[in-house]
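Reading through the structure tokens given below for one structure.
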Amino acid sequence: MKKNITILVLGLFLMGCSVKNGRQPLKQALSIEGQKVLVYTTASNTNLRMSHTGNKVFQADKQPLESEVAVFVNPNKTFQTFWGIGGSTTDASAEVFAKLPKAKQEEFLKAYFDKEDGIGYTLARTPIHSCDFSSASFTYVSDEDKELKTFNIDHDKQYRIPFIKRAIKAAGGKLALYASPWSPPAFMKDNNNMLQGGKLLPEYYEAWALYYTKFIKAYEKEGMPIWGITIQNEPMATQRWESCIYTAVEERDFLKNHLGPTMEREGLGDKNIVVWDHNRDLITNRANTIFDDPEASKYAWGIGFHWYEVWAGGEYMYENLDRVQESYPDKHLLFTEGCVESFDAAKYHHWPNAERYGKSMINDFNQGTVGWTDWNMLLDQTGGPNHVGNLCFAPIHADTTKGELIYTPSYYYIGHFSKFIRPNAKRVSTVSSRSHLLSTSFINEDGKIATIVMNQSDKKITYKLYIGLQAVEETILPHSIQTLVYSN
């Protein structure tokens, strides 16, 4: 009896040490034998588009063989909390939307924002005044108005604001909306031009910081709550369209000494501020510079990034995200923009475009990203409008001459995530045993798990999805993506 008591006390002591040291006691082995699995598939060279392609059941299995292909999911190990997926409500998207027949407008809104009949977008990004995807450059103030007395958002009331309001309604009355500037007004910059880079002049730091707050208040007065802002779109890119350059030190100091304090002084301290908003390649330098400064870091919710580092001939630098997450676990990673460039109407259904989305989303989420924002939600049959000819693809295009919508494969690839992973889900440990298959999983608040599996190869692959020693066997077609939905 004394021996048993000693063992019990020792066990309780070790359990306490485990919790104290940040490790939870081992959970009981999962038993989901008999649980149903619903399979949804989008595949190249087929008519499958987020189609329900199977009902499977978990069955007891054994240790997988080395010759087998497997995806291992462990719901006991969870990571970041999912915020949402969405796209950008640019002037271009709003103008094209306004040209559609009413029935097609309703179809478009349902396609993006209805979580049952569409893909359930829950967040959106919008520019602060103009960007390249506007019909022309514009600001919200008159020239040389340093005191911003002429500030108004009348320009946006024609197309963009009505578009956003309808999107919010279609999303069930709630849509997380954040805003980004591409450039300060020309008179505030050293090149006196909204285009071609240039820098914000020091004498306008305070005025420009106040500009953000005026935008937020003006939009919220119109009934559109603003979740937060990014400081500058692509602050290291001199573009032929609206752009402005900030070094890491300049962005840090603008946030610390001007934007952060101004937001608080104007009663907007609860709004979220996202730094960087550029590619993965230099993200660690920006994070180190800003987040290592306590006075700047206290104003930053997290760091945003794009996927265009391949423009410089590099690879997608997914591992850089992991380095930021390791160094600053209290900060959030947010994908703020991505699109397929160089529009060509003959490539609406070019499958690699969709695979670029799938590959990025899986890798970004697996590195700790909490939200993912596509670029333009809607563009026309020219890949615009765009006032500098920087024409691109969108997941949905409209042929405004025919009043028709064109759904690209990218729309469905995004939907494999946004429809089945809902806000406040937790990412779950997921690993593929072969590099041909990319995978990630999230567990929703209702207990349903969504596992996304993407086949990048030219071959059909049979694999087993394992949870513990229970498994389901599934076959994934060449160049396809699947979402498997099941309960924990």
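A few points about this structure:
- Take every Cα pair under 8 Å whose residues are at least 6 apart in sequence, average their separation, divide by the length of segment 221-286, and the relative contact order is 44 percent.
- Label-zone membership for segment 96-133, site Asp446, 7 angstrom Cα→C-beta point, backbone N under 18 Å: 113-122
- Here the simple spin-label model places points 7 Å from the Cα toward Cβ, and for Asp145 and Thr81 these points are separated by 4.0 nm.
- Whole-Å distance, taken between Cα centres, linking segment 95-120 and segment 427-452: 29 Å
- Relative to the current alpha-carbon distance between Leu469 and Glu220, full extension at 0.36 nm per residue lengthens the span by 84.5 nm.
- The simple spin-label model puts a point 7 Å past each Cα toward its Cβ; for Val310 and Gln59 those points are separated by 4.0 nm.
- Within the straight-line cut-off of under 16 Å between alpha carbons, the lysines reachable from Lys464 are Lys36, Lys56, Lys62, sequence neighbours fewer than 8 places apart in one chain being disregarded.
- Theoretical ellipticity at 222 nm over the chain - DSSP helices of four or more residues, -39500 (n - 2.57) apiece, nearest 500: -8000 deg cm²/dmol
- Residue order, fewest to most beta carbons within 10 Å, for Val370, Val453, Val249: Val249, Val370, Val453
- Helix 351-366 and the longest principal axis of the C-alpha atoms of the chain enclose an angle of approximately 70°.
- Charging the Cβ of each Asp and Glu at -1 and of each Lys and Arg at +1, and nothing else, the dipole of segment 391-436 about its Cα centre rounds to 400 debye.
- Ordering of 479-487, 463-471, 42-50, 149-157 by burial proxy (mean other Cβ atoms within 10 Å per residue, highest first): 479-487, 463-471, 42-50, 149-157
- Mean separation of Cα contacts under 8 Å (6+ apart) over length of segment 249-403, as relative contact order %: 19 percent
- Phe138-His349 FRET efficiency (beta carbon distance; Förster radius 30 Å; 0.05 resolution): 0.30
- Rounded to 10°, Cα long-axis angle of helix 160-170 versus longest principal axis of the chain: 30 degrees
- Cα centroid separation, segment 364-378 to segment 50-73: 27 Å.
- Segment 254-274 versus segment 182-251: alpha-carbon centroid distance in Å: 14 Å
- Segment 84-420, dipole about Cα centre (Lys/Arg Cβ +1, Asp/Glu Cβ -1), debye to the nearest 20: 880 debye
- Two-site FRET efficiency, Lys169 against Val431, from Cβ-Cβ distance with R₀ of 56 Å, rounded to 0.05: 0.85
- Within straight-line cross-link reach of Lys460, aspartates and glutamates at Cα separation under 12 Å, skipping those fewer than 8 residues along the same chain: Glu474
- Label-to-label distance, nm, for residues given as Lys298 and Lys102 (7 Å Cα→Cβ offset): 5.4 nm
- Using θ = phi - 60° in the Karplus curve 6.51 cos²θ - 1.76 cosθ + 1.60, the 3J(HN,Hα) couplings for segment 203-214 round to 5, 10, 4, 5, 5, 5, 4, 5, 4, 4, 5, 5 Hz; x is entered for Gly and Pro.
- Dividing the mean sequence gap of close Cα pairs (under 8 Å, 6+ apart) by how many residues the chain holds gives a relative contact order of 22 percent.
- Theoretical gain in end-to-end length, Lys110 to Asp322 [0.36 nm per residue, Cα-Cα removed]: 72.8 nm
- Amide proton proximity set for Gln470, modelled H, under 5 Å, gap of 5+: Asp61
All of the numbers you see were taken from the coordinates with simple rules; none came from a lab. Keep in mind the model is a prediction, meaning the values are calculated, not measured. Using ideal geometry, Cβ is built from the backbone for each residue, glycine included, and neighbour counts are taken over all protein chains shown.
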